[in-house]
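Report on one structure; see the data block that follows.
No value in this document is a laboratory result; all are computed from the given coordinates. Predicted, not measured: the structure shown is a model, and the values here were computed from it. Virtual Cβ from ideal backbone geometry, glycine too; neighbours counted across all protein chains shown.
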Amino acid sequence: MVKFHYLRDIMIRRCTEHGYFRGGGCLQCKLPGRYVLDDSKEEKLGRFVSGTLRHFPASAGVEMDKCGWVNLDTFCEVMKKRYNWMRKEYLYALVESDEKGRYEICDSRIRARYGHSVDIDLDYPESTFPYLYYGASPEEVDVLLENGIFPIKQRYVHLSTSYEKAAEVALIHTESPVIIQIEAVRAQEDGISLRLATDYIVLAEKIPPEYLFVVEN
Ligand SMILES: [Zn+2]
């Protein structure tokens, strides 16, 4: 019998029916499932996976292809050298329980879906959203409307598929975000590629100013 106060601190667990989840109970059937990984290991794992797959694959000692993929077994071996508790299952647990869809595993390979600073070409399908959104701070909005949106530290500009998501992202950096709407269809007709990375995130090389409008709220 597992006591409830014990469950509260556990980060990743697995339901036999619904897979990996975070917190004390399965998101679908509410059952406690099987313990997989605690908070502190999850944090170490998450930091290493994010850093390696988004920013420094070479210095971590893994080879990345041009679409951002890394061999899962090689990656796990590299991690085992750093963390002796490491197991391959933890990578599946991290990826599958991530509500933001930060990573994916496919054909024994793993990659980050977005957030890269390393130079890669992601091969996602074109977005079909008529409009996309970007949250800016009041200080930067005029500069963006004049020059367009360019990536600064990252490889791609990250756009949101809804006004609400853009506001949510921007609130991390600014108290009163200004939401810019992007005329996605017109941009695509003019040859600008807008790639769907997750249900909420679209990546672009840059968005020129003629497709940008401030949403009045
Ligand atoms: Zn379940």
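Working out 0.36 nm times the residue gap between Cys76 and Glu139, then minus their Cα-Cα distance, what length gain in nm do you get to one decimal? Intermediate results must be reported in sequence, preceding the final value.
Values: separation 63, 0.36 × 63 = 22.68 nm, distance 4.32 nm.
The span from Cys76 to Glu139 would gain 18.4 nm if fully extended.
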Item to complete: Would you calculate the separation in nanometres between label points at Ile172 and Asp123, each defined as 7 Å from the Cα along the Cα-to-beta-carbon direction?
Response: 2.8
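Over the chain, what is the relative contact order in percent, taking alpha-carbon pairs closer than 8 angstrom and at least six residues apart? Could the numbers behind the result be given before it?
Numbers: 374 pairs, mean separation 35.0, N = 217.
About 16 percent, as a whole number.
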Discussion item. Just to check I understand the Karplus step: with θ = phi - 60° and J = 6.51 cos²θ - 1.76 cosθ + 1.60, what whole-Hz values come out for the range 103-113, glycine and proline as x?
Written reply: 10, 9, 10, 8, 6, 6, 10, 10, 8, 7, 7
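Any chance you could tell me what percent of the C-alpha pair distances in the range 95-197 go past 22 Å?
Working: 1868 of 5253 pairs.
Of all Cα-Cα pairs in the range 95-197, 36 percent lie more than 22 Å apart.
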Discussion item. Ignoring everything except DSSP H segments at least 4 long, calculate the 222 nm mean residue ellipticity for the chain; use -39,500 (n - 2.57) per segment, divide by total residues, nearest 500.
Written reply: -8500 deg cm²/dmol
Discussion item. I'd like to know which of Gln188, Thr198, Val36 lies farthest towards the positive end of the charge dipole of the chain, counting +1 on Cβ of Lys and Arg and -1 on Cβ of Asp and Glu.
Written reply: Val36
Discussion item. Along its three principal axes, how long is the chain when you only count alpha carbons? Whole Å, largest extent first please.
Written reply: 60, 39, 29
Worksheet item: What is the distance in Å between the Cα centres of the range 29-44 and the range 109-147?
Response: 31
Response to the item:
Between Val215 and Leu31, Cβ-based FRET efficiency (R0 41 Å, step 0.05) works out to 0.45
Worksheet, complete the sentence: One finds, for Glu17 and Glu164 with R0 = 30 angstrom and r their Cβ-Cβ distance, a FRET efficiency to the nearest 0.05 of 0.45
Discussion item. Give me the percent relative contact order of the range 131-214, please, defined on Cα pairs under 8 angstrom at least 6 residues apart.
Written reply: 43
Discussion item. Based on alpha-carbon centroids, what's the gap between the range 71-105 and the range 168-195 in Å, whole number please?
Written reply: 31
Item to complete: Name the aspartates and glutamates eligible as straight-distance cross-link partners of Lys81: C-alpha to C-alpha under 20 Å, and not fewer than 8 places from it in the same chain.
Response: Asp38, Glu42, Glu43, Glu63, Asp73, Glu89
Response to the item:
Measuring from the longest principal axis of the C-alpha atoms of the chain, the long axis of helix 72-82 (C-alpha) lies at a number of degrees, nearest 10, equal to 70
Discussion item. On C-alpha positions alone, give me the angle between the axis of helix 39-54 and the longest principal axis of the chain, in degrees, nearest 10.
Written reply: 40
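How about the range 1-106: which GluC sites (Glu not before Pro) there lie in a loop by DSSP and see at most 11 other Cβ atoms within 10 Å? Write out the running numbers ahead of the final one.
Details: sites: Glu17, Glu42, Glu43, Glu63, Glu77, Glu89, Glu96, Glu99, Glu104; in loops: Glu17, Glu63, Glu99.
Hits after loop and neighbour filter: Glu17, Glu63, Glu99.
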Worksheet item: If you count, for each residue, the other Cβ atoms within 10 Å and average over each peptide, how do 204-213, 123-132 line up from highest to lowest?
Response: 204-213, 123-132
